[in-house]
Each structure stands twice: as structure tokens, then as C-alpha cells.
There are 2 protein chains.
Amino acid sequence: MENFQYYTPTKVIFGKGSEKQVGKLVRQQGCGKVLVHYGSGSVVRCGLLNRICASLDREEIPYTTLGGVVPNPRLSLVYQGIDLCRREKIDFILAVGGGSVIDSAKAIGYGVKYDGDVWDFYSGKQQAEDSIPVGVVLTISAAGSEMSDSSVITNEDGWLKRGYSSDLGRARFAVMNPELTMTLPKYQTASGCVDIMMHTMERYFNRSENMELTDGISEHLLRTVMKNAKILMKEPDNYNARAEVMWAGSLSHNGLTGCGTGGGDWACHQLEHELGGMFDVAHGAGLAAVWGSWARYVLPEGAARFAQFAVNVMGVDPKESDEATGLKGIEAMEMFYRTLEMPVKISDMGILLTEEQMNELADKCSHFRKRTVGCVKRLTRDDVYQIYRNAR
Amino acid sequence: MENFQYYTPTKVIFGKGSEKQVGKLVRQQGCGKVLVHYGSGSVVRCGLLNRICASLDREEIPYTTLGGVVPNPRLSLVYQGIDLCRREKIDFILAVGGGSVIDSAKAIGYGVKYDGDVWDFYSGKQQAEDSIPVGVVLTISAAGSEMSDSSVITNEDGWLKRGYSSDLGRARFAVMNPELTMTLPKYQTASGCVDIMMHTMERYFNRSENMELTDGISEHLLRTVMKNAKILMKEPDNYNARAEVMWAGSLSHNGLTGCGTGGGDWACHQLEHELGGMFDVAHGAGLAAVWGSWARYVLPEGAARFAQFAVNVMGVDPKESDEATGLKGIEAMEMFYRTLEMPVKISDMGILLTEEQMNELADKCSHFRKRTVGCVKRLTRDDVYQIYRNAR
């Protein structure tokens with residue numbers, strides 16, 4: 001078993017009506033002025049933004065608002081947010097939305113406290129030393145950003161999608177009312193469920209020794225998300241199913257499912273980041289589209305682990321070899337993705353990759369042959385190219 | 001599913017050699033002077049205390065020491081610690097030990113910042129509003145106090161053992177090296193495993209709706225502890241088994257296994273607190289001694305839950321009724337306790353309760369008929385008496 005650190009300081013307020021406590025939670029942070037950060041019109045239309053603002057008003061907390069975050073959140077809006085925060089002397093950011101809004105809020109938080117270009121953190125040039133704290137009202141179960149240390153931003157200059165992780169980015173609190181996710185379109189619910197599962201699967205597939213306690217938690221989390229995702233395809237307003245998926249989303253990316261397992265693979269996330277930067281696809285859908293190709297490619301290197309996954313998560317009966325069992329597990333997972341109407345090929349998303357595009361993706365993903373990705377098999381630029389090609 | 005809060009701010013540093021980081025971790029807290037709090041001579045004899053002090057010296061952190069904490073930690077030493085901290089202007093307490101040392105450290109922390117008697121918190125008269133922060137170097141896997149909000153202190157005046165819970169008592173960091181637990185006597189290892197399991201079982205048995213994700217995590221945690229406890233009876237220096245049990249100890253009492261389940265029962269803890277106050281028994285052993293009696297007494301009220309426990313945790317085949325299945329599960333758990341050489345009756349600990357003592361225990365446990373305990377069945381003073389009697 002590997003040594004590990006586990007740090008999840010985010011206070012979670014989970015359940016029906018929990019957003020009513022937002023004003024009090026912000027008040028407890030002892031801040032002066034708040035930026036309420038959000039995305040599209042849906043939080044406005046459903047009245048949530050009004051309720052949040054009313055809650056802040058009741059506590060007499062001054063605030064200003066900045067909307068307009070889009071999926072695969074953009075660096076240009078982050079710059080705008082940094083300017084706004086400095087101008088208005090903001091010292092707390094309240095993110096009302098899903099992963100894109102939270103990630104954008106984290107980036108603004110880092111940027112306000114940094115003299116240089118906030119992209120320095122995402123391009124790997126610098127480590128953040130300070131940040132404006134962030135609180136969350138979650139409206140989409142998917143990214144797990146409400147409890148994670150990570151944030152992913154897309155730089156329109158070159159359409160590079162890059163992540164940055166720091167404990168400074170852990171939200172102070174996360175208000176999680178599963179009812180707020182009931183109106184999500186089916187496609188977004190499904191894509192979110194894939195995203196949640198992938199945060200655990202990225203950690204689960206590794207070449208380290210493992211921790212029995214963590215493995216069982218991960219396997220149960222995956223089974224729970226699969227079961228409840230299927231329920232939500234038919235009953236989008238099933239509260240308990242929404243709640244199971246929402247809590248799984250947080251536990252899947254707060255570090256719990258990586259304890260003692262040495263970090264995980266994360267190649268699929270790197271593969272998807274380039275797709276998402278180039279084609280603006282939903283993150284979970286992009287992950288589903290490349291996972292099967294990745295899994296088949298690395299299966300020989302991680303056969304025992306794929307076999308354990310197949311049996312314990314997918315309910316496959318053991319076959320004549322770990323590799324054969326593992327392959328059945330991969331097929332079963334693709335079948336599950338199909339039941340959620342998720343892609344299992346890049347072309348399923350309406351994207352027909354050209355030879356030139358595959359080469360561009362492989363170049364970007366390998367940072368022009370300067371890095372490998374993944375650990376089940378360390379993937380070179382040419383491996384990555386082949387995985388994109390097989391995923392077409 | 002019930003609404004819940006989840007708050008685990010403790011930074012965990014887990015694994016081999018992790019205690020070397022103590023000086024740096026304390027330094028990060030920005031404190032002035034530290035109290036190093038510990039128990040008996042074992043941390044001195046094994047050289048751990050020296051290594052901790054050397055780590056503080058390397059960071060040039062001033063400190064003073066206070067040893068002498070005993071199992072079922074005493075209020076008198078807490079008073080001594082409070083005086084010492086005030087005199088020496090201590091602003092951080094480093095607990096080096098197991099649950100008793102950590103609980104004593106938390107109590108000292110509350111007391112230093114309070115003008116009245118620190119027992120006010122444990123007797124339910126007051127809520128703490130401030131505290132000196134605590135850090136932990138864990139040497140016993142059992143109480144889970146390294147991540148929990150709780151602390152239990154015994155008042156020698158009347159031998160009352162009482163708990164107090166507050167988020168102020170959550171440790172800032174917990175250094176957890178499983179190697180440090182390898183020299184524990186077999187009885188203490190076994191007693192610790194029971195304690196760990198009971199923190200999840202207390203939450204698991206309830207009358208609320210439940211959360212599938214939490215249930216599965218709890219059931220897997222219990223199976224993992226049982227499996228590794230048996231390994232440790234034969235191989236006390238099995239690192240992976242020590243690590244599984246140690247991490248289970250923290251997850252079992254940091255709140256994770258209670259998410260969405262509405263709080264849990266906790267009657268066995270109340271029953272054991274009176275036993276522990278009167279006879280100074282090891283906490284886990286005391287819990288094992290009363291659990292079977294409690295479980296049989298409340299089984300009719302919680303038959304479905306006991307049946308789920310029997311099947312998913314104890315591997316029992318379903319019988320003709322939930323109650324029959326549940327009973328088999330209770331018997332299987334008692335059989336497991338016996339394999340650890342743990343008591344399943346109070347007399348197994350060499351204590352032959354008199355009629356007078358049973359009445360005194362029942363009076364104290366029910367606060368002289370002023371409260372009920374438990375929720376699977378709300379137990380009155382007379383129920384409690386009967387459970388003690390059946391557990392003789």
C-alpha cells in the first residue's frame with residue numbers, strides 16, 4: 001500500500017432546502033464583499049439566483065454578480081472576473097453552478113492574489129501561494145469540483161484545456177441540494193454520471209499496490225452510480241437517485257477513492273482535455289468516447305486489475321484468463337454507456353476526425369513529445385495517436 | 001434519505017515514516033509554543049517521543065511535555081494540562097498516542113479558552129466557543145478521535161464517563177504511520193478493531209431512511225476490519241493489515257459512515273460509558289460485551305436492518321424471516337468477537353455485576369430516568385437495566 005495524504009476541508013451541507021443556509025455560511029467566512037459567479041440563464045430562470053441573493057441580503061452581505069460561464073470555462077472570463085474582483089475589492093467568491101462555474105471561480109481566486117498571468121498556474125509555470133476563498137452552491141452532479149483541489153480552464157488562444165490542482169482551491173463550503181439537479185437535460189445527467197465514475201476509475205486503474213478498503217469503496221461507488229444513473233434515465237425527478245449520484249460525485253473526486261493507491265492513471269482525462277479544447281464536447285461524453293479505446297490498448301499491461309474491475313463492478317463471471325475477463329468488463333462498461341445514450345466512439349458525438357486532427361490531438365496531448373500520459377501503460381505520443389485512431 | 005452535514009478538515013498524512021513530518025506540520029500551524037501530550041511510558045520507551053521532539057527541535061519550535069494520560073482519560077489530568085497551558089502560554093497541543101491522549105488534548109484545548117469549569121461541556125451545561133487547536137500522531141487504531149469531533153473524559157468525582165462533540169475539536173492534522181501500532185498487545189489490537197466497527201455499526205443501525213452509497217461503504221468497511229483483525233491476531237506486524245485497520249478507524253468515526261442515515265443509535269456507547277466509568281474496562285471490549293444483549297433486545301424493532309447486516313456483512317444466508325436472519329447475524333458477530341478473544345458477556349471481563357451495580361448502571365445511563373438512549377428502540381431506564389442484566 002502506498003503512503004498518501006487526504007485533505008478535504010470543505011464543509012458539506014447536503015439535502016433538501018440546504019441553499020437557504022447560504023447567507024449564514026458566507027457570513028461565517030467573515031468576508032467583506034462577495035462575487036456571485038454563475039453560468040447560463042438557467043439559474044436565473046429557475047429563480048435560484050434570486051433565492052441566493054435574497055439569502056445574502058438577509059445577512060446584509062454586499063455582493064456583485066458575474067454570469068456567463070460556459071462549459072469548458074474560458075480564460076477570457078476568468079480575466080474579466082479578476083479585474084472585477086480587484087475593482088470591487090471582493091474577498092469571497094460564491095460559485096452557483098456546476099464544475100465549469102466552480103473551476104472558473106477557483107481560477108479567479110488564484111488570479112486576484114497573483115501579480116502575473118493566472119494562466120501561469122495552468123501551464124505549469126508557477127504554483128499558487130494565495131487565493132480568494134470559494135464557496136459553492138452545486139447545481140450539477142459531475143465534476144466533483146465542489147470538494148476537489150482541481151480546476152480546468154480553456155485558453156481560447158490555441159484552444160488549450162489545462163488543469164491546475166492546489167489545496168488552496170478546496171471550497172470552504174458546498175451546499176448540495178439534489179433537487180436543484182432535477183431539471184437537467186437527460187444528456188447532461190448521463191454525461192455527469194460518466195464524469196463521476198471516471199474520477200474513481202482513473203484512480204482505480206493504476207500499477208501500484210492497492211488498499212482493500214479503498215478498492216471496495218470505489219467498486220461500490222461505481223455500482224451505485226450505475227444503478228442510479230439508469231433510474232434517472234426514466235425518473236429524472238427521483239430524489240434519492242439524484243442524491244446518491246450527487247454525493248458520489250463529491251466522494252469520487254475529493255481524494256477518498258485514491259487513498260493508498262498511488263495516484264491513478266488519468267490518461268483518459270488527458271485524452272479528453274484535448275478533445276474538449278478542440279471540439280467543446282461535454283466532458284463526460286468525451287471521456288466515454290475514448291475510454292474503451294484506452295482500456296483495450298492498455299489491457300495487457302493491467303490485466304489483473306481489469307479482471308477485478310470486471311468481476312466486482314460489472315458483474316462479469318471470470319473467464320479463462322484475466323485478459324479475457326477484463327475484456328468482458330470493458331465491453332460491459334461500453335454497453336452501460338450505450339444505455340445512457342453516451343458515445344463509445346468519437347464519431348458517436350458527430351465528430352469525424354481527420355488524419356491531421358488526430359496528429360494535432362496527439363501532439364498536444366503529449367505536449368509535443370515532451371511528456372507521457374497514464375501509468376497502467378506510460379503512453380508516448382505515438383500510443384496516444386493510436387488510441388485516438390482506435391476511438392474514431 | 002436524511003439531510004446531513006459532513007465536515008472533516010483534518011489533514012491526514014498516512015504511511016511509513018510519516019511522523020518525520022511532524023515538525024513541519026506544526027510549523028505550518030503558525031503557533032508559538034506547543035504542549036506535547038502523551039500517555040504511558042510506551043511512546044517514551046520505543047523512542048517515538050524522542051523522534052517527535054527532535055522533529056520539533058529541527059523546526060526550532062518551543063514545546064513542553066505532559067504525559068500520564070490513562071485509558072478512560074481523567075478530568076484531573078485535564079485540569080493539570082489547562083493550568084500548564086495557561087502558565088506556559090501554549091497555543092497548540094500535539095497529542096502523541098491513541099484516543100485517550102487525543103481526547104484529553106481536546107478537553108485541555110476547550111478548557112484553556114473557557115473561564116468556567118471544562119466539565120460544563122461534558123455535562124451538557126455549555127457549548128464551547130473557542131479552543132486551542134490540536135494535532136495528532138496516532139499510535140493506536142481504535143477511537144477514531146484523530147478525525148472525529150468527539151472526546152470522552154472520565155470525572156473521578158462519581159466516575160462519570162461523558163462525551164462532548166464539537167467541530168472545534170477536529171484535529172488540524174493527523175499523522176498516521178501503521179508501523180507505530182505493530183507493538184500493541186493482542187488484546188488492545190482486538191479491542192481497537194471492535195471499537196472501530198462499533199463506530200460504523202452505531203451509525204448503521206437506525207430507524208431512518210438510508211443512503212445506498214453510505215450503506216455499502218459501511219458494510220465494506222466492516223468486512224475489511226473483520227478480515228484484517230483476524231490476520232493481525234496471527235501476524236501483528238503485517239503492515240497492510242495494520243494500515244487497512246488504521247484507515248478504517250478514521251473513516252469509521254469521521255462522519256462518512258453516517259451520511260444520509262440520520263445520526264444512528266449509539267445506545268451501546270452509552271451502555272459502555274457507564275461500565276467504563278465504573279470498572280475502567282477497555283472501551284472496545286466493553287462494547288463487545290454489551291452489543292449482543294442490546295442487539296437481541298432491539299431486534300424486533302429493527303428486523304429488516306439486522307437482516308441486511310446479517311446478509312451483507314456477516315455473510316448469512318437469508319432465513320424464513322428478517323428476525324430469524326437478523327438473529328443469525330448477531331450470533332455470527334458474537335462468534336467473530338470470540339475469535340478475537342473479545343468478551344460477549346460482561347462476566348467474560350471478570351466482572352460479576354451485583355443487583356445493586358446493575359441498578360446503579362441503569363440509573364446513571366438513563367441520567368436517573370431523565371433521558372432515553374438509542375433510536376432503533378428508545379430505551380428507558382428499565383430497558384437499559386434489562387440489557388445490562390441480559391449481558392451479565
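The values are calculated or read from the model by the stated rules, or taken from the named source; none is laboratory data. No experiment lies behind these values; they were computed from the predicted model shown. Neighbour counts run over all protein chains shown; Cβ positions are idealised from the backbone, glycine included.
Quick notes
- Tally of residues being within 18 Å of A:His253 (Cα to Cα) and not in a loop (DSSP other than H, G, I, E, B) across the stretch A:153-204: 29
- Here A:Asp103 passes the criteria (1) in contact with a Pro (Cβ under 9 Å, 6 or more places away or on another chain); (2) farther than 27 Å from A:Thr189 by Cβ except the one numbered (2).
- Test set (1) within 22 Å of B:Ser218 (Cα to Cα); (2) in contact with a Leu (Cβ under 8 Å, 6 or more places away or on another chain) - B:Ile346 fails condition number: (1)
- Inter-residue pairs, beta-carbon under 9 Å, first without any contact (Cβ under 8 Å) to a residue 24 or more places away in the chain and in the stretch A:250-275, second part of a loop (DSSP other than H, G, I, E, B), 6+ apart: A:Glu272/A:Val281
- Taking the stretch B:206-233 as the range and being polar (S, T, N, Q) and more than 22 Å from the chain's Cα centre (by Cα) as the test, the residues that pass are B:Ser208, B:Asn210.
- The test for being of a type in the set (S, T, N, Q), outside any strand (DSSP E or B) and in contact with an Asp or Glu (Cβ under 8 Å, 6 or more places away or on another chain) holds for B:Ser76.
Results for (1) within 22 Å of the chain's Cα centre (by Cα); (2) farther than 30 Å from A:Gly124 by Cβ; (3) surrounded by 17 or more Cβ atoms within 10 Å (Cβ to Cβ), shown as yes or no for each residue.
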site	(1), (2), (3)
A:Asp322	no, yes, yes
A:Leu340	yes, yes, yes
A:Ser347	no, yes, no
A:Gly350	no, yes, no
A:Leu353	no, no, yes
A:Glu356	no, no, no
A:Asn359	no, no, no
A:Arg369	no, no, no
A:Arg378	no, no, no
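- If only residues of the stretch B:257-311 that are within 14 Å of chain A (Cβ to nearest Cβ) and not in a helix (DSSP H, G or I) are counted, the one that is farthest from B:Asn155 (Cα to Cα) is B:Gly260.
- Residue in the stretch A:205-243 that is surrounded by the most Cβ atoms within 10 Å (Cβ to Cβ), counting only those that are more than 14 Å from chain B (Cβ to nearest Cβ) and assigned to a helix (DSSP H, G or I): A:Met233
- B:Glu129 meets all of the listed conditions (1) closer than 30 Å to B:Leu275 by Cα; (2) within 14 Å of chain A (Cβ to nearest Cβ) but one, namely (1).
- Some residue of the stretch B:273-290 being over 30 Å from B:Leu213 (Cβ atoms), surrounded by fewer than 24 Cβ atoms within 10 Å (Cβ to Cβ) and more than 21 Å from the chain's Cα centre (by Cα): no
- Filtering the stretch A:5-49 to residues that are in contact with a strand residue (DSSP E or B) (Cβ under 7 Å, 6 or more places away or on another chain), surrounded by fewer than 22 Cβ atoms within 10 Å (Cβ to Cβ) and facing chain B (nearest Cβ under 7 Å) leaves A:Gln5, A:Tyr7, A:Pro9, A:Lys11, A:Gly15.
- Here A:Glu209 does not qualify as modelled with pLDDT of 95 or more and outside the structural domain of A:Thr139 (by TED's automatic domain parsing).
- A residue that is closer than 30 Å to B:Val225 by Cβ and touching a residue at least 24 places away in the same chain (Cβ under 8 Å) occurs somewhere in the stretch A:183-197.
- Condition check for A:Glu235 on (1) under 27 Å from A:Val344 (Cβ atoms); (2) in contact (Cβ under 8 Å) with a residue 12 or more places away in the chain: one failure, at (2).
- Criterion (in contact with a His (Cβ under 9 Å, 6 or more places away or on another chain) and farther than 20 Å from B:Leu168 by Cβ) met by exactly one of B:Val70, B:Val96, B:Val44, B:Val36: B:Val96
- Tally of residues being part of a helix (DSSP H, G or I) and without any contact (Cβ under 8 Å) to a residue 24 or more places away in the chain across the stretch B:91-141: 1
- Those residues of the stretch A:156-168 which are more than 14 Å from the chain's Cα centre (by Cα) and at pLDDT 95 or above, in sequence order: A:Ser166, A:Asp167, A:Leu168
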